[in-house]
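Notes to accompany the following structure.
The values are calculated or read from the model by the stated rules, or taken from the named source; none is laboratory data. Just so we're clear, the structure is a prediction, and the values are computed from it rather than from any experiment. Don't worry about glycine lacking a Cβ; one is built from the backbone with ideal geometry, like all the others, and counts go over all protein chains shown.
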Amino acid sequence: MNVTAVPPEGVTLNVSPGTIGALPGARRCPVHVTVTADADWTGRVVATLEATTAHPWWLIPGLFYGENRPAGCRTTYPRYAPGPPDPATMTAGHWSFRADRAATVAVFAWGNAGGLGLATTERSAAGLTGLGFGWADGTAAIHLSFPYAEAPWSYDGHATPRPPLSEAAHLYPGETMELDFEVYEMAADRHSYAPLLRALHDEQAPAHPLRPWMDPAPAADLTAEALWRWHYRPDPPVLLETAAFDRCIEGDKLDRQAMHVGWVSGIPWAYALLRHGRRVGRTEYVEAATAVLDFCCSALSESGTFYGTWYRDKGWRGSWTPLEHGVHARTLAEATLFLIRAWREETARGVDHPAWWAAVRSNLTAMLARQRADGNLGTIHDYTTGEVLSWDGAAGLAWVPTFLEAAEAAVDPAPDVLIAAAERAGHYYSTYVLNENIYGAPEDVDLTPTSEDGLVAVMAYVALHRTRPDPVWLDLARRSAEWILTFRYSYNVQFEPETILAQYGFATRGADQASVANQHLANYGLVAAAEMVELAGMLGEPWPKDRTEELFACFRQFIARRDGDFNARKGMVTERYYQTECFAPKGSLLTLSHAWCLGATLLAAEQYVDGWARLAPPPGG
């Protein structure tokens, strides 16, 4: 380990390494650094670990995964590759970042012989911390910086890199600064980060309290009302993807006049509204949700699947992809899965919706026919011809729970056919999980590692283990859940006091970084709340349930309690909380309500009220 001052003159560094302690899969050593100014000094202190390896694998939780951007990815954001920096593609062999971009302030590197890691806190006596890595001439290095520097560029969410940034600490002669961090030695298995991150979370949690504004039942009431009041439109019956906080400007002209069939709008969240309406006896919610589901099922594409998106000015079209006529496998799978759940629950009530199962059967039949022999279900499909336009990524994994829940529900398609297809897909996509690099689930960032990829994997492997109990499926479910937690903030980011997130005391612990490209906090992880709780029972360990309840507590903040609360309208929930400098100033939030954010909160609240029960059909369904 090397600890240096930048610039080197004017300070004395005293490094006190602690004892190395045992931890499953790793060893950890606390380090204390005393920085004493010999003269007036302005600069940074950098702690570096080096190892010899030809092909390092990097991990900064929530921020950087291996090369971080597959070569074929159409979205531009920081990517690692050896060699000189290339600003046109935002590719470099060394990177430095500010700490609040990371879900846990830690950086890891693995080679063939093992792994090394460094971890610290978001802030120190020097200010906002930094972290990063680099490779040159066969040597991999990871570092912490007190305070931070961002290089070779700073990323603000856009394809054009910003100039590098840095801060500096200042000490007067004789002044002392204390710094603390930890050093890790790990096994060669890249998943050896898991016990370290769990231990760091458990140690930090008491100092970073959760601050939910309300209990789950009021959260359900508010989000259901907002979904119906602000996002539902009856002609035709849709859930608009976004609704602006400011309703005074041209009525609803700022609202996005579009609805995805799944993912950011559509069937999953209509299902949540239907479930809530049935529970509390709100007929208007039931009628609205039913109408949305009917509308989605009324317009299947030429190839037999749903379309991707409805637009008010264009009608039904494809997904957010540059490929003509493209629809996204994960969006189709999620829509079909929640339609199955809605159909089963309504059937158990004696309410018949034949068009719903007809749409389910059509989607299942189409996808079964497209599955490759190796299990790959494709990522982007042509809605006119059924041709698979892209086989890259793990988006097809979302069809695993859909096939399995369909197999429980009916005899057409045959359950054994559906289960076999799910198992083939589970085996094929397991490589992504085992490589610690799952990507492709959301439409908007192409082949980018995202928190949503982890939750898709958890839903798939929990469903496989539920259907065909097998230690292989259970291990993949556990690893997927632990990978999700790399995106989940383990601490409360500090905001400047004049920002809205500081004024409302927003606690970030429990929130997920949306993706390595979209560096803001989001609540999509709630879609897999029931499966995470079920996984806790399968494993006989509480942490999947505990971290899910933490996520749910985090996003029971910023649900508007009345019109005007944080300048929103009653019940509104935004998609973006800016915990770092990306897209918008740190400490601000996006002034749009999102259908999926309301729906995910409502879904989790309904599951919580039901005792976190899995969304299986009632007896007789």
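The residues listed here are Leu200, Leu222, Leu171, Leu196; of these, the one that is within 30 Å of Ala125 (Cβ to Cβ), of a type in the set (A, V, I, L, M), touching a Lys or Arg at 6+ places or on another chain (Cβ under 8 Å) and crowded, with 17+ Cβ neighbours inside 10 Å is Leu196. Does region 482-496 include one or more residues that are touching a residue at least 60 places away in the same chain (Cβ under 8 Å), among the acidic types (Asp, Glu) and over 14 Å from Glu549 (Cα atoms)? The answer is yes; a qualifying residue exists. The selection criterion, being within 23 Å of the chain's Cα centre (by Cα) and at pLDDT 95 or above, does not hold for Asp215.
Condition check ((1) closer than 28 Å to Asp475 by Cβ; (2) surrounded by fewer than 19 Cβ atoms within 10 Å (Cβ to Cβ); (3) out of contact with any helix residue (DSSP H, G or I) (no Cβ under 8 Å at 6 or more places or on another chain); (4) modelled with pLDDT under 95) across all residues:
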residue: Arg561; (1), (2), (3), (4): no, yes, no, no
residue: Asn567; (1), (2), (3), (4): no, yes, yes, no
residue: Phe583; (1), (2), (3), (4): no, yes, yes, no
residue: Ala600; (1), (2), (3), (4): yes, no, no, no
residue: Val609; (1), (2), (3), (4): no, yes, no, yes
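In summary, Ala605 fulfils each of the numbered conditions (1) of a type in the set (A, V, I, L, M); (2) buried (at least 21 other Cβ atoms within 10 Å of the Cβ); (3) under 25 Å from Ala258 (Cβ atoms) with the single exception of condition (3). The set of residues in region 203-218 that are of a type in the set (A, V, I, L, M) and buried (at least 16 other Cβ atoms within 10 Å of the Cβ) comprises Ala205, Leu210.
The set of residues in region 404-424 that are part of a helix (DSSP H, G or I), of a type in the set (Gly, Ala, Ser) and surrounded by fewer than 17 Cβ atoms within 10 Å (Cβ to Cβ) contains only Ala420. Checking each residue in region 303-319 for being in contact with a His (Cβ under 9 Å, 6 or more places away or on another chain) and at pLDDT 95 or above picks out Ser303, Thr305, Gly308, Thr309, Trp310, Arg317, Gly318.
Scanning region 356-378 turns up no residue that is hydroxyl-bearing (Ser, Thr, Tyr), in contact with a Gly (Cβ under 9 Å, 6 or more places away or on another chain) and within 14 Å of Arg330 (Cβ to Cβ).
Pairs please, first residue from region 385-403 and assigned by TED's automatic domain parsing to the domain that holds Glu324 and over 14 Å from Thr331 (Cα atoms), second anywhere and basic (Lys, Arg) and not in a helix (DSSP H, G or I), Cβ atoms under 9 Å, 6+ apart in sequence or on different chains. The qualifying pairs are Val388/Arg372; Trp391/Arg372. In region 110-125, the residues that are without any contact (Cβ under 8 Å) to a residue 60 or more places away in the chain form Cβ pairs under 9 Å with partners that are among the aromatic types (Phe, Trp, Tyr), at six or more places apart or across chains, as follows: Ser124/Phe146; Ser124/Phe181; Ala125/Phe146.
For region 367-379, check the following and say yes or no: at least one residue is on the phi < 0 side of the Ramachandran plot, in contact with a Pro (Cβ under 7 Å, 6 or more places away or on another chain), at pLDDT 95 or above and surrounded by fewer than 21 Cβ atoms within 10 Å (Cβ to Cβ). Yes, some residue in region 367-379 is on the phi < 0 side of the Ramachandran plot, in contact with a Pro (Cβ under 7 Å, 6 or more places away or on another chain), at pLDDT 95 or above and surrounded by fewer than 21 Cβ atoms within 10 Å (Cβ to Cβ). Of the residues making up region 448-473, those that are more than 16 Å from Ala528 (Cβ to Cβ) and in a helix (DSSP H, G or I) are Thr467, Pro471, Val472. Of the strands (runs of 3 or more DSSP E) entirely within region 1-105, those holding at least 1 residues that are of a type in the set (Ser, Thr, Tyr) and in contact with an Asp or Glu (Cβ under 9 Å, 6 or more places away or on another chain) occupy 11-17, 26-37, 94-98. Looking only at residues in region 320-370 that are of a type in the set (Ser, Thr, Tyr) and touching a strand residue (DSSP E or B) at 6+ places or on another chain (Cβ under 7 Å), the one that is nearest to Arg275 (Cα to Cα) is Thr331.
Yes or no, residue by residue, for (1) in contact with a Pro (Cβ under 8 Å, 6 or more places away or on another chain); (2) assigned to a helix (DSSP H, G or I); (3) not assigned by TED's automatic domain parsing to the domain that holds Ala272:
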position	(1), (2), (3)
Thr290	no, yes, no
Gly304	no, no, no
Arg330	yes, yes, no
Val351	no, no, no
Trp356	no, yes, no
Arg361	yes, yes, no
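All of (1) among the hydrophobic types (A, V, I, L, M, F, W, C); (2) under 22 Å from Cys597 (Cβ atoms); (3) surrounded by 24 or more Cβ atoms within 10 Å (Cβ to Cβ) hold for Phe495 with one exception: (3). Total residues in region 218-255 satisfying the condition of being basic (Lys, Arg) and at pLDDT below 95: the figure is 2. The single condition among (1) in a strand (DSSP E or B); (2) surrounded by fewer than 22 Cβ atoms within 10 Å (Cβ to Cβ); (3) under 23 Å from the mean Cα position of the chain (by Cα); (4) not aliphatic (A, V, I, L, M) that Phe108 does not meet is (2).
Taking region 164-283 as the region of interest, the helices (runs of 4 or more DSSP H) fully inside it that hold 2 or more residues being under 30 Å from Ala335 (Cβ atoms) and touching a strand residue (DSSP E or B) at 6+ places or on another chain (Cβ under 9 Å) are 267-280. Does Val516 satisfy the criteria of being in contact (Cβ under 8 Å) with a residue 24 or more places away in the chain, over 22 Å from Asn437 (Cβ atoms) and either in the same structural domain as Glu549 (by TED's automatic domain parsing) or of a type in the set (A, V, I, L, M) (or both)? So Val516 fails the test.
Only residues that are within 12 Å of Ala106 (Cα to Cα) and among the hydrophobic types (A, V, I, L, M, F, W, C) were counted across region 195-206, and they come to 3. The set of residues from region 118-163 being among the acidic types (Asp, Glu) and in a strand (DSSP E or B) comprises just one member, Glu150. Residues of region 443-453 include none that is modelled with pLDDT of 95 or more, out of contact with any strand residue (DSSP E or B) (no Cβ under 9 Å at 6 or more places or on another chain) and buried (at least 24 other Cβ atoms within 10 Å of the Cβ).
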